[in-house]
Structures are given as C-alpha cells and as structure tokens.
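Let me begin by presenting the structure, written as structure tokens, before commenting on it.
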C-alpha cells in the first residue's frame, strides 16, 4: 500500500473554499490526494456529477499531486481499490465529529489497514457548508468569497436572481 496517498471523500455539491483549505493542508501531510466524489443515486444533488468534477478540476488548477475521481458503494472498498491507507476528513463542529467518529469506527471495523485522519477547518470557514451556500444562493445571497469563482458562476446559472450581484 502507498503510505502517502489519502482519499478525501465527499459529495462536493458544490466544492467550497473550506474544502480547498482542507485539500491544501492535506497535501502538507500526504504526498498525494484523491478527491473522491460520492455518487449516491438516492440523493438529488444540485450539480451533476460531471459539473462537480469540472468545478473541482477548475478549482484545483495549479495544485499538484491531486486527482479527482468518483465512486459509489463503500468508501473503505474504494480506498482499498486505490491502494490508499488514509481517509482524510474535515471537521467543523462537534456535530461533524460525532458523525465522522461513527463512520471512522465502522470503516476501521471493515478494514483495519485504512486509517481516518481529521483536520479541523480553518476558523474563517467554520460556518461554511455546501448546504448553507446553496441555500443562501437560492435566495439571492452573495456567496462570492466562500466558493471558488467557477462555483460562483455555476450558482448564478442555477439561480438567475444572482446574476446582478
């Protein structure tokens, strides 16, 4: 197994500056990082899988040792398939910790060779989430500065009331 490869999983609907912060900081610890988009057919994301891949690729331009992929099924199986031995997750609040702790324990039960590593979000992204950003954008809020420019443009396409901001 590659000891320096981490999987950073999520729906990334859409990717935020908080996600980018975790990616950049993760690369200070791990040699390589795979941003793995969860494809869950039971959920209806705002952005298609293709749009999310495009936005992430545009957002990480110039950042080396990162690739974008997608998966369905168990994360732990995907990580093993990619020969990764680390799952990287970001934490914002205690509610994140409780959920992530449960997931880490289940992943550990399923495969003891793959470790979970958690990074606390930077203080300026503490209250930022994809859900909150989509809700603000839906009602005409200006989310520039919270998301990469490509995401801001795509949100304006999805929610036309943003076009004048």
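The values are calculated or read from the model by the stated rules, or taken from the named source; none is laboratory data. All values reported here derive from a predicted model rather than from experimental measurement. Reconstructed Cβ throughout: ideal geometry from the backbone, glycine too, with neighbour counts over all protein chains shown.
What is the one condition in (1) without any contact (Cβ under 8 Å) to a residue 24 or more places away in the chain; (2) farther than 20 Å from residue 24 by Cα; (3) part of a loop (DSSP other than H, G, I, E, B) that residue 61 does not satisfy?
In the conditions (1) without any contact (Cβ under 8 Å) to a residue 24 or more places away in the chain; (2) farther than 20 Å from residue 24 by Cα; (3) part of a loop (DSSP other than H, G, I, E, B), residue 61 misses (2) alone.
Determine, yes or no, whether residue 100 is in a helix (DSSP H, G or I) and modelled with pLDDT of 95 or more.
Working: in a helix (DSSP H, G or I): yes; modelled with pLDDT of 95 or more: no.
Against the criterion (in a helix (DSSP H, G or I) and modelled with pLDDT of 95 or more), residue 100 does not qualify.
For segment 78-93, which residues satisfy the criterion of being touching a residue at least 12 places away in the same chain (Cβ under 8 Å) and more than 16 Å from residue 11 (Cβ to Cβ)? Let's see the steps before the verdict.
Our first condition is that a residue be touching a residue at least 12 places away in the same chain (Cβ under 8 Å); within segment 78-93, this holds for 78-80, 82-93.
Correct list: 79, 80, 82, 83, 84, 85, 86, 91, 93.
Could you check segment 66-94 and list, in sequence order, the residues that are at pLDDT below 95, touching a strand residue (DSSP E or B) at 6+ places or on another chain (Cβ under 7 Å) and under 28 Å from residue 124 (Cα atoms)?
90, 91
Going by what's in this entry, would residue 73 be described as over 30 Å from residue 136 (Cα atoms) and surrounded by fewer than 13 Cβ atoms within 10 Å (Cβ to Cβ)?
Numbers: over 30 Å from residue 136 (Cα atoms): yes; surrounded by fewer than 13 Cβ atoms within 10 Å (Cβ to Cβ): yes.
It is true that residue 73 is over 30 Å from residue 136 (Cα atoms) and surrounded by fewer than 13 Cβ atoms within 10 Å (Cβ to Cβ).
Modelled with pLDDT of 95 or more, under 24 Å from residue 148 (Cα atoms), surrounded by fewer than 20 Cβ atoms within 10 Å (Cβ to Cβ) and in contact with a helix residue (DSSP H, G or I) (Cβ under 9 Å, 6 or more places away or on another chain): is that true of residue 38 in this structure?
Details: modelled with pLDDT of 95 or more: no; under 24 Å from residue 148 (Cα atoms): yes; surrounded by fewer than 20 Cβ atoms within 10 Å (Cβ to Cβ): yes; in contact with a helix residue (DSSP H, G or I) (Cβ under 9 Å, 6 or more places away or on another chain): yes.
Criteria not met by residue 38.
Using the structure shown, decide if residue 96 is free of Cβ contacts under 8 Å to residues at least 60 places away in the same chain and under 16 Å from residue 6 (Cβ atoms). Quick ask: steps written out before the conclusion?
Numbers: free of Cβ contacts under 8 Å to residues at least 60 places away in the same chain: yes; under 16 Å from residue 6 (Cβ atoms): no.
Here the answer is no, as residue 96 does not meet what is asked.
Quick grid of which residues meet (1) within 17 Å of the chain's Cα centre (by Cα); (2) closer than 21 Å to residue 18 by Cα; (3) buried (at least 16 other Cβ atoms within 10 Å of the Cβ):
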{"residue": "81", "(1), (2), (3)": "no, no, no"}
{"residue": "87", "(1), (2), (3)": "yes, yes, yes"}
{"residue": "102", "(1), (2), (3)": "no, no, no"}
{"residue": "117", "(1), (2), (3)": "yes, yes, no"}
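Residues in segment 29-48: is at least one touching a strand residue (DSSP E or B) at 6+ places or on another chain (Cβ under 9 Å) and part of a helix (DSSP H, G or I)? Break it down into steps so the answer makes sense when it comes.
Going through segment 29-48, the residues touching a strand residue (DSSP E or B) at 6+ places or on another chain (Cβ under 9 Å) turn out to be 29-39.
Next, only the ones that are part of a helix (DSSP H, G or I) stay: none.
For segment 29-48, residues touching a strand residue (DSSP E or B) at 6+ places or on another chain (Cβ under 9 Å) and part of a helix (DSSP H, G or I): absent.
When residues of segment 113-143 are filtered for being outside any strand (DSSP E or B), without any contact (Cβ under 8 Å) to a residue 40 or more places away in the chain and either out of contact with any helix residue (DSSP H, G or I) (no Cβ under 6 Å at 6 or more places or on another chain) or within 23 Å of residue 103 (Cα to Cα) (or both), how many remain? So that I can check it myself, show each step before the final result.
To start, the set of residues in segment 113-143 that are outside any strand (DSSP E or B) comprises 113-114, 121-143.
The next check asks that each one be without any contact (Cβ under 8 Å) to a residue 40 or more places away in the chain; those that pass are 114, 123-124, 126-127, 131-132, 135-143.
Restricting the remaining residues to those that are either out of contact with any helix residue (DSSP H, G or I) (no Cβ under 6 Å at 6 or more places or on another chain) or within 23 Å of residue 103 (Cα to Cα) (or both) gives 114, 123-124, 126-127, 131-132, 135-136, 138-139, 141-142.
Residues that pass the stated criteria total 13.
Scan segment 2-20 and give yes if some residue there is surrounded by fewer than 18 Cβ atoms within 10 Å (Cβ to Cβ), in a helix (DSSP H, G or I) and free of Cβ contacts under 8 Å to residues at least 60 places away in the same chain, otherwise no.
Looking through segment 2-20, none of the residues is surrounded by fewer than 18 Cβ atoms within 10 Å (Cβ to Cβ), in a helix (DSSP H, G or I) and free of Cβ contacts under 8 Å to residues at least 60 places away in the same chain.
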